[in-house]
Amino acid sequence: MPARVINITVHGIGDPPRELDPGEDRTWVTTDQFTQVLDAVVGRDDVRLTFDDGNASDVEIALPELVARGLTAEFFVLAGLLDEP
């Protein structure tokens, strides 16, 4: 276990499908930004990736990019938003 852990949290990737909540724009990234971060953390055991709120981009963009690099992440899905776009 590393002495310290860096946690990178993403709320969404790509073009937001809705108006973002205040402050959410700081954790909503472009696809290019996201893939650059993934490429930078491959092989690092001191970095954890998390996704908040269960946005569609988690499955549509993040999941394939994570799998392609052999990375894992934690997804925090809001139960109240299940079955919502």
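Listed values, structure above:
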item: Percentage relative contact order, segment 24-74, counting C-alpha pairs under 8 Å, at least six apart; result: 44 percent
item: Using θ = phi - 60° and Karplus 6.51 cos²θ - 1.76 cosθ + 1.60, couplings along segment 12-20 (whole Hz; Gly, Pro as x); result: x, 10, x, 6, x, x, 8, 5, 6
item: Rh by Kirkwood over Cα pairs, then Stokes-Einstein D for the chain at 0.692 mPa s and 37 °C, µm²/s; result: 243 µm²/s
item: Net charge of Cβ neighbours under 15 Å - reference ASP21; Lys, Arg +1; Asp, Glu -1; result: -4
item: Helix 31-41 vs. the chain, principal-axis angle (Cα, 0 to 90°, nearest 10); result: 20 degrees
item: Rel. contact order, % - alpha carbon contacts under 8 angstrom, at least six apart, the chain; result: 35 percent
item: Modelled label reach - MET1, point 7 Å along Cα→Cβ, segment 21-65 residues with backbone N closer than 17 Å; result: 45-49
item: Accessible area in square angstrom per residue, the chain, 1.4 angstrom probe; result: 68 Å²
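The values are calculated or read from the model by the stated rules, or taken from the named source; none is laboratory data. What you see is a predicted model; the values in this text were computed from it and never measured. Please note: Cβ atoms are built from the backbone with ideal geometry, for glycine as well, and neighbour counts cover all protein chains shown. Quick note on the areas: whole protein, heavy atoms, side chains included, nothing else; ligands and nucleic acids left out. Shrake-Rupley method; radii C 1.70, N 1.55, O 1.52, S 1.80 Å.
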